[in-house]
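As structure tokens, the structure follows; a few thoughts come after it.
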Amino acid sequence: MSETAGRPLRADAERSVRAILEAAERVLAEEPGASLEQIAAAANVARTTIHRRFASRQALIDALASSAARQLARAVDDGRPDTAPPLVAMHRITANVLQVKSAWAFALELPSDPGSEAAALHEDINHRCLAVLKRAQDDKLIDAAADLDWVRRVYYALIGESLRGNTDDTDPDTLATRIIDTLLHGAGPHTRTT
């Protein structure tokens, strides 16, 4: 649930904030310099509604970054990174993350201010990713000598490249299988494990 000044929002205000954030994602992805008036029009709300919910354009952008980061964290949680078998967790998390990243590409590319909610969420996601990779390493899916931070960075790059200009295969499960297969086996001949 969203909050304004520490108070939970009513259901109608929550819907309004969600509509504003969704519109901001669409509008700013097309035109990063778009005005609050353009975002309000896309959200089907008055500009004053945006000003009631967000003190400034930057506050709206910060809220957009935090909202997208929360959705990304939920996508990771849904993959059961601590309890599912590592290969299952990696596949499910990857499919979930692909869906969130494709829906919130602009917001998730915003730089996070140190100390912000979005920065803290991204840091937590990085730690959870490393924990899943460590579990995969313990299960001998990843070489024991592999630098897991490097593996994490390669994994993130594979996800990013899968989303750039991908028009042939947009099914998240198919892309997740391809990403995990490439991460664990590279491009050489092998027997598939997923």
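Within the span defined as segment 129-137, one or more residues are more than 20 Å from Pro32 (Cβ to Cβ), in contact with a helix residue (DSSP H, G or I) (Cβ under 9 Å, 6 or more places away or on another chain), of a type in the set (S, T, N, Q) and modelled with pLDDT of 95 or more. For first residues located in segment 36-63 and farther than 13 Å from Arg18 by Cα and of a type in the set (Gly, Ala, Ser), partners that are at pLDDT 90 or above and part of a helix (DSSP H, G or I) and lie 6+ apart or on another chain with Cβ distances below 8 Å form the pairs Ala46/Ala40.
Residues that are in the same structural domain as Thr177 (by TED's automatic domain parsing), free of Cβ contacts under 8 Å to residues at least 40 places away in the same chain, closer than 24 Å to Thr170 by Cα and not hydroxyl-bearing (Ser, Thr, Tyr) do occur in segment 99-119. Is it the case that segment 112-133 has a residue that's within 14 Å of the chain's Cα centre (by Cα) and over 23 Å from Leu64 (Cβ atoms)? Scanning segment 112-133 turns up no residue that is within 14 Å of the chain's Cα centre (by Cα) and over 23 Å from Leu64 (Cβ atoms). Within the span defined as segment 27-38, one or more residues are charged (D, E, K, R), surrounded by fewer than 17 Cβ atoms within 10 Å (Cβ to Cβ) and under 22 Å from the mean Cα position of the chain (by Cα). Screening Pro32 against (1) in contact with a Cys (Cβ under 8 Å, 6 or more places away or on another chain); (2) not assigned by TED's automatic domain parsing to the domain that holds Pro114 leaves a single unmet condition, (1).
Of the residues making up segment 163-188, just one is modelled with pLDDT of 90 or more and among the small types (Gly, Ala, Ser), namely Ala176. With respect to (1) buried (at least 17 other Cβ atoms within 10 Å of the Cβ); (2) part of a loop (DSSP other than H, G, I, E, B), the lone exception for Ile93 is condition (2).
Of all the residues in segment 124-160, those that are loosely packed, with under 14 Cβ neighbours inside 10 Å, of a type outside the set (D, E, K, R) and either in contact with an Asp or Glu (Cβ under 6 Å, 6 or more places away or on another chain) or not in a helix (DSSP H, G or I) (or both) number 3.
The values are calculated or read from the model by the stated rules, or taken from the named source; none is laboratory data. This is a predicted model, so every value here is computed, not measured. Cβ atoms come from the backbone with ideal geometry, glycine included; neighbour counts cover every protein chain shown.
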